[in-house]
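Below is one structure, written out as structure tokens, with a few remarks after it.
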Amino acid sequence: MKQYKINIHAHSIFSDGLNTPYIMALEAKRLGFTSLVITDHFYGFQLGKNNHFSMTVEKMKMLKRACIEAKKILPVIVGLEIPHFGQEVLVFGGEAIKNILKKGLPTHEGLIALKRETNCAIVLCHPSEDFDILELIEICDGYEQYNSGCDLFRNNRNRGGFRDKVSWCNSDAHHADSLEVGYNVVDSKITTESDLIKYIKSGKQPLHFLKGDKMISVEPNEFEKKVSKMSSDEMKEASDEAVQKLKNTFQPDDLIWINGEQVPAGPYLNKDNTLRGV
Ligand SMILES: [Zn+2]
């Protein structure tokens, strides 16, 4: 069986990474990767306004231009990392990404619609310890079993309990040097966006490695074991319940968790005080 090395989560200078796509492509090639995947951040219009690391339509054009040079070294695939209900997800699919950058962060229903309409792929990043949002599991085609950018092991427990979801081990590299800290080995050559989307949705589990070729395997936690034993009806019921819970309205001063920080809900609320997709 042929084996190909890939890391699907990395950042460049177009958000909070330290290197250009060209330098990252040079290093990815040296390390034996099949392609380079860049997933810069987009924080939405409200939060993004005060965050110079956030992607914009203009910056995406610049990133694509920079990728022309990088592609002379190695195939480059561009995704986007966005907050969604207190977690973060990677979005793959040019049409969906264009839509998000233009219209802002989607609500959960918006993301479901986008997925249906554009066939994009969604991968849940670094699920945190208190992660139990079933409808996020439902919408994601895959999830990060391991993210070597997370210092705390509790944010890196095996998510293998989520049957039929492809799990990933990514480096979340913010500089070229860390591209190889966590990576995957797959049996097909992924060099284009559609190759990647197809693989993410394939249900085929990649092999996960840490730098130095150490293979990772960790036991699923209690929540994951519980989810994996649910019938699809039970799963749907629990998911509907969770979605309903998320439709509850918030007050602007209510504190909500975003990326590990408690912040006032104000900037994340829709006009009817429901939570935006954060
Ligand atoms: Zn990231």
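What the table below lists for this structure:
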| read-out | value |
| --- | --- |
| 11 Å beta-carbon shell around Ile190, net charge (K/R +1, D/E -1) | 0 |
| Lys, Arg +1 and Asp, Glu -1 on Cβ, resulting dipole of the stretch 1-93 about Cα centre, debye, nearest 20 | 420 debye |
| Amide proton proximity set for Ile77, modelled H, under 5 Å, gap of 5+ | Leu36, Val37, Ile38 |
| Mean Cβ neighbour count within 10 Å, used as a protection proxy, ranking 68-77, 115-124, 33-42, 169-178 highest first | 33-42, 169-178, 115-124, 68-77 |
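The numbers here are math on the coordinates, done by the rules we state, and not lab data. Treat the numbers as computed from the prediction; the structure is a model and nothing was measured. Reconstructed Cβ throughout: ideal geometry from the backbone, glycine too, with neighbour counts over all protein chains shown.
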